[in-house]
Amino acid sequence: MKSLVLENNQNLVLHSNAAIPDAVTENSILVKVAACGICGSDIKRGFGNGAYHYPLVMGHEFSAYVAEDAEDGRYKKGDRVAVFPLVPTNTSEPAYQTGDYAQLKEYNYFGSRCDGAFAEFLRVPIKNLFPIPDHVDMVHASMTEPAAVALHGVRKMHITAGDFGVVIGAGPIGNMTAQWLKIHGCKDVAIVDIDDKKLKIAEEMGFIPINSKHTDAVEAVFKLTNDQGANRVVEACGLPQTFLQAINMASRNAEVVFMGNIIGEFKIEEKDFSNMLRREITIYGTWNSKTVPVGNDDWSTVLNYMDKELQVAPLISDIVPIEQGKEIFNSVVEKRKFHNKVIIKLADKL
Ligand SMILES: [Zn+2]
């Protein structure tokens, strides 16, 4: 099969005769990958010395077709599925018992700890499959994972109708986070970024754009909220200064979610810290997504909302075949042109 292999840092090689990797756990099933998105973490992993090991096939945001009938009859060849990429490896852990897999200490992960979906076929645990509803486009379904991460963060908060929301970061996860804020009841949602193109997309989708290159984002938010500040803020960018902005733009009794992986060190001055205490702000950390409680879990909810209330098509800048995988990765890394969500198409017909 075709497989895009990270042979060492900054070195992707397309193999045309790669073997299908063995199953990483029992009760696995063969799937044919349909589409797989490039995540920001893949850039760090593949081009910033961030890989666990070499060689590695990256790719954890994917949709697929089941490629064989499941023994238990739950899936048939051809079924369309999204795949939760985290695989528990120690069934005695409490988080395994509760199904809160993101809290496991020991786990495997497609595309980072074991080979992932920038390849035509993969064996994945049946438990990790989520059927894709008929109304959802197969390429869009490859964005189920980042959409679930966005939803997971938003679900930390207690949003009430009429709230003012802000998301810092206008990339795909930030934009989807803003959409979830609205779906949950925020009346207005502002998105902060320095990228005009991403802000334009956000504006066209009904969000208030704030370009923090030209404006003080904190001041802008207070201006938009009658000097009250934002009720719900999500930091989805990952810079020390944007974490501080998130806290400083929050209203009294606000909730703030830290979603971005920080690059650098977060420092807060006495004045800002005291302000945070006096305004009685709640800060949540968030990571990954949840596949419980079944039916109302992050993944099933995303798939029910996708291509309806949750729009991902405007966020996709490129869809390319795996033959162009290496080139598109290099273009993203070197910022040769505007890229937003980049998706590698593995199946000819979707
Ligand atoms: Zn990711």
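The values are calculated or read from the model by the stated rules, or taken from the named source; none is laboratory data. Nothing here was measured: the structure is a model prediction, and the numbers come from that model. Reconstructed Cβ throughout: ideal geometry from the backbone, glycine too, with neighbour counts over all protein chains shown.
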In the stretch 116-129, how many residues are within 16 Å of Ile29 (Cα to Cα), of a type outside the set (A, V, I, L, M) and within 16 Å of the ligand (Cβ to nearest atom)? 2
Name every residue in the stretch 52-68 that is assigned to a strand (DSSP E or B), away from the ligand (no atom under 11 Å from the Cβ), within 11 Å of Val33 (Cα to Cα) and of a type in the set (A, V, I, L, M, F, W, C), in order of residue number. Ala64, Val66
If you check Glu68 against the conditions, is it at pLDDT below 95 and surrounded by fewer than 22 Cβ atoms within 10 Å (Cβ to Cβ)? no
Looking at Phe130, Phe164, which one is of a type in the set (A, V, I, L, M, F, W, C) and in the same structural domain as Asn108 (by TED's automatic domain parsing)? Phe130
Please find, within the stretch 142-162, the residue that is nearest to the ligand (Cβ to nearest atom) out of those that are in contact with a Ser or Thr (Cβ under 8 Å, 6 or more places away or on another chain) and farther than 23 Å from Asn231 by Cβ. Glu145
Hey, can you tell me all the residues within the stretch 266-319 that are loosely packed, with under 15 Cβ neighbours inside 10 Å and in contact with a strand residue (DSSP E or B) (Cβ under 8 Å, 6 or more places away or on another chain)? Glu280, Thr282, Tyr284, Gly285
Residue under question is Arg232, and the condition is that it be among the charged types (D, E, K, R), surrounded by fewer than 23 Cβ atoms within 10 Å (Cβ to Cβ) and either farther than 17 Å from Ile194 by Cβ or at pLDDT 95 or above (or both); does it hold? no
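A quick yes/no check of all residues on (1) assigned by TED's automatic domain parsing to the domain that holds Ala178; (2) under 15 Å from Val154 (Cα atoms); (3) assigned to a helix (DSSP H, G or I):
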site	(1), (2), (3)
Ala254	yes, yes, no
Val257	yes, yes, no
Glu265	yes, no, no
Lys271	yes, no, yes
Glu280	yes, no, no
So, restricting to helices (runs of 4 or more DSSP H) that lie completely within the stretch 93-181, which ones have at least 3 residues that are in contact (Cβ under 8 Å) with a residue 12 or more places away in the chain? 138-141, 144-154
Got a sec? Which of Tyr96, Tyr107 is among the hydroxyl-bearing types (Ser, Thr, Tyr) and either within 16 Å of the ligand (Cβ to nearest atom) or at positive phi (or both)? Tyr107
Which residues, taken from the stretch 26-46, are in a helix (DSSP H, G or I) and surrounded by fewer than 17 Cβ atoms within 10 Å (Cβ to Cβ)? Gly40, Ser41, Ile43, Lys44
Applying the selection to the stretch 158-199, what residues are surrounded by fewer than 18 Cβ atoms within 10 Å (Cβ to Cβ) and within 21 Å of Lys308 (Cα to Cα)? Ala161, Ile183, Gly185, Lys187, Asp188
Looking at Lys127, is it basic (Lys, Arg), closer than 13 Å to Val256 by Cα and either surrounded by 24 or more Cβ atoms within 10 Å (Cβ to Cβ) or over 10 Å from the mean Cα position of the chain (by Cα) (or both)? no
Across the stretch 1-51, which residue is farthest from the chain's Cα centre (by Cα) among those that are of a type in the set (Val, Ile, Thr) and within 16 Å of the ligand (Cβ to nearest atom)? Val33
Which condition number in (1) in contact with a helix residue (DSSP H, G or I) (Cβ under 8 Å, 6 or more places away or on another chain); (2) part of a helix (DSSP H, G or I); (3) under 16 Å from Thr286 (Cα atoms) is the one that Phe243 fails? (1)
Answer yes if at least one residue in the stretch 81-88 is aliphatic (A, V, I, L, M), assigned to a loop (DSSP other than H, G, I, E, B), within 16 Å of the ligand (Cβ to nearest atom) and touching a helix residue (DSSP H, G or I) at 6+ places or on another chain (Cβ under 6 Å), and no otherwise. no
